[in-house]
Amino acid sequence: MNLRAPLFSLVMLITLGFTSCKKKEETITPDKIRNETARLDSFFAREFEKDLAESPMLQTRLGIKTNYGEWDNFSHLKYAEDLEKSKRRLAFLKDSIDRDALSGEAQLSYRLYRQKMEEEIEDYPFRLYDYPVNQMNGVHANLPAFLINMHKIDSVADAKAYISRLKKFPKVFEDVKKGMELREMNGIMPPSFVYAHTIDASKNLLKGKPFESSSEAGVLLADFKEKVEKLGLPEKQESDLILEAQEAMTDSVQPAYENLIAALEDQHQRATQEHGVWKFPKGKEFYNTALKRATSTDLKADEIHEIGLQEVARIHKEMEEIMEKVDFEGSLQDFFRFMREDEQFYYENTEDGKNRYLNEATAIINTMKGRLDDLFNTKPEAEIVVKAVEPFREKSAGKAFYQQPALDGSRPGTYYANLYDMKAMPTYQMEALAYHEGIPGHHMQLAIAQELENLPMFRKIGIEAAYVEGWGLYSEKIPKEIGFYEDPYSDFGRLAMELWRSIRLVVDTGIHSKEWTREQGIEYYKTNSPNAESDAIKMVERHIVMPGQATAYKIGMNKILELRELAKEELGENFDIKEFHDVVLTHGAVPLNILEEMIQEWIASKKE
């Protein structure tokens, strides 16, 4: 497979910062460049191995079974350790590496890593400005989801490691609980509604055997049994392992959840209805930092809010054009109501209906696979599957999300569709959603990044929100340019999803900068989009617990489209969409300012 497009066989000799070598070109020899680049690569490999050794969960995600029975360190004391590590790494880059004597790709790696360290140091004062347990993530949902989706059992040793992780739930939960208490002491607490979600989700994990007298196994026991039964062990050995897992669940997992629930119920009594981070000490400074990290730009809250308002107005006009195509009579609000309520756009909330959705989403991705050669030189080797979000977390989880494949190919990429409320998953959005989460969206970008050769590991698995989510949203649009979205209702669905991301700019900044309430945010979504009310509620509650994050999508998409138009204008007939996509995809995730420089240098190289 061609992981490096022909365009990049020369490794972009003009890559970022390389021009600074001109000052010293008389003294910097090819040997010097090779040696200094090798020193930097060795540093990156060494530091990644240290990070990997400290994170059993990252090991598992990458398909490595070292420390397979362990969890990461969730103690708040680790923040100070990580700060010192970032300072040491930054000092090495500044004092021990001759940046001018690096190859072009190594210059980019240097710049990305240095920026990462600088940001980690800058962000230290805000290390407690998050909610460790919320409806979107937290140990109450993440640990069981990790065991179910990541912890493979291929041997008795793997089963024992699973049981070991079950036994270590109490330590992880206790560390998280202490972090919650520390945050409360510093004025950082989730608003009241978050507690009901997290308490309910935690209680869900204690349903079924072995936690209750029930004929049905709970989610963890069902997962363990299913995996162990596939080993084909002697009956007694299998039953002994299952019994040991049950004991770990009742002796360790259950008390861990009960203690966490008690802590959440206690803290809930002191929670308020204030939803934005403006309520925090230095809340404005924190939010500006959150926006900067999410968008990798210097855009301020008011600017992002205004961009959102403009995009909402533009997309509404495009939706009105689709209304005319389908001969709908009435206002845009009437059309929204029609799209929300008409039964033709929804599958039944039954197992058959859910299976039909999953099968058709898979078919959409497979059809798109057959057209990738029209748009891309570089394609991923990793496979992708479509799954429903597990019942224990579907009530509060997001609409859809993607999980990266294992580096060793032992686990495919996964597009998770949340089918808890089929009224929130209209068929007219199915096409765009599959493109975003699957192909050519997240699976394409993230799997390709992991498979790139000759890049340090931090670039293969790194995430830049505006780049990654911007690519996902851009990927909803590009299939239209090669003939997809033939059904105007499906094209409306594409616009509805772009509209949704535009509304995010308005509501996220509204809540965290303009002191909107949760109810104001929900009302704005309901008034301006065709989505179900349950969608609006989940989205606003996501804004509240993940400040700034949801602004990444539209800001990122806008930048990619802006850069593509610039390239088309500059290159005319020499513009090649496949080459453009190679520039975007074959360097891993990068901040938007660096992506812009990469595109500009590609344009310059094409003009030579």
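Can V506 be described as out of contact with any Pro (no Cβ under 7 Å at 6 or more places or on another chain) and modelled with pLDDT of 95 or more? For V506, the condition - out of contact with any Pro (no Cβ under 7 Å at 6 or more places or on another chain) and modelled with pLDDT of 95 or more - is met. At least 3 residues being in contact with a helix residue (DSSP H, G or I) (Cβ under 7 Å, 6 or more places away or on another chain) and closer than 30 Å to R111 by Cβ is the threshold, and among the helices (runs of 4 or more DSSP H) wholly inside the stretch 458-549 those reaching it are 465-477, 488-513. Taking the criterion of being under 24 Å from the mean Cα position of the chain (by Cα), buried (at least 17 other Cβ atoms within 10 Å of the Cβ) and small (G, A, S), the residues of the stretch 55-93 that qualify are S55, S86.
Condition first: at negative phi and either of a type in the set (S, T, N, Q) or without any contact (Cβ under 8 Å) to a residue 60 or more places away in the chain (or both). Now tell me which residues in the stretch 315-336 satisfy that. Listed by number, the residues that qualify are K317, E320, E321, M323, E324, F328, E329, S331, L332, Q333, D334. Can you say whether Y489 is at pLDDT 95 or above and on the phi > 0 side of the Ramachandran plot, as far as the supplied structure shows? For Y489, the condition - at pLDDT 95 or above and on the phi > 0 side of the Ramachandran plot - is not met. When K279, K354, K284 are checked against the criterion of being of a type in the set (D, E, K, R) and buried (at least 18 other Cβ atoms within 10 Å of the Cβ), K354 stands alone in meeting it.
What are the residues in the stretch 124-156 that are in a loop (DSSP other than H, G, I, E, B) and more than 20 Å from M57 (Cβ to Cβ), if any? Result: L128, Y129, Q135. Restricting attention to the stretch 528-548 and to residues that are free of Cβ contacts under 8 Å to residues at least 40 places away in the same chain and over 14 Å from M136 (Cα atoms), the residue that is farthest from the chain's Cα centre (by Cα) turns out to be E533. What are the pairs with Cβ atoms under 7 angstrom where one residue, in the stretch 30-49, is at negative phi and part of a helix (DSSP H, G or I) and the other, located anywhere, is of a type in the set (D, E) and surrounded by fewer than 19 Cβ atoms within 10 Å (Cβ to Cβ)? Sequence gap at least six, or different chains. Sorted first by the residue in the stretch 30-49, then by its partner, the pairs are E36/D98. Test I121 against the stated conditions and say whether it is β-branched (V, I, T), in a loop (DSSP other than H, G, I, E, B) and either surrounded by fewer than 21 Cβ atoms within 10 Å (Cβ to Cβ) or modelled with pLDDT of 95 or more (or both). The answer is no for I121. Among the residues of the stretch 573-583, are any more than 22 Å from N288 (Cβ to Cβ), outside the structural domain of T509 (by TED's automatic domain parsing), in a helix (DSSP H, G or I) and free of Cβ contacts under 8 Å to residues at least 24 places away in the same chain? Yes, the stretch 573-583 has at least one match. Within the stretch 405-427, restricting attention to residues that are small (G, A, S) and not in a loop (DSSP other than H, G, I, E, B), the residue that is farthest from A382 (Cα to Cα) is A424.
For (1) in the same structural domain as Y435 (by TED's automatic domain parsing); (2) out of contact with any Asp or Glu (no Cβ under 6 Å at 6 or more places or on another chain); (3) closer than 30 Å to D327 by Cβ, each residue gets a yes or a no:
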| site | (1), (2), (3) |
| --- | --- |
| I463 | yes, yes, no |
| V468 | yes, yes, no |
| E481 | yes, yes, yes |
| R501 | yes, yes, yes |
| I511 | yes, yes, no |
| W516 | yes, yes, no |
| G521 | yes, yes, no |
| N531 | yes, yes, yes |
| Y553 | yes, no, no |
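Scanning the stretch 558-570 turns up one or more residues that are within 23 Å of Q445 (Cα to Cα) and β-branched (V, I, T).
The rows are residues; the columns are (1) of a type in the set (A, V, I, L, M, F, W, C); (2) touching a Cys at 6+ places or on another chain (Cβ under 7 Å); (3) within 23 Å of H197 (Cβ to Cβ).
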position: M497; (1), (2), (3): yes, no, no
position: R504; (1), (2), (3): no, no, yes
position: E515; (1), (2), (3): no, no, yes
position: A536; (1), (2), (3): yes, no, yes
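The values are calculated or read from the model by the stated rules, or taken from the named source; none is laboratory data. What you see is a predicted model; the values in this text were computed from it and never measured. Neighbour counts are summed over all protein chains in view; Cβ atoms, including those assigned to glycine, are modelled from backbone coordinates with ideal geometry.
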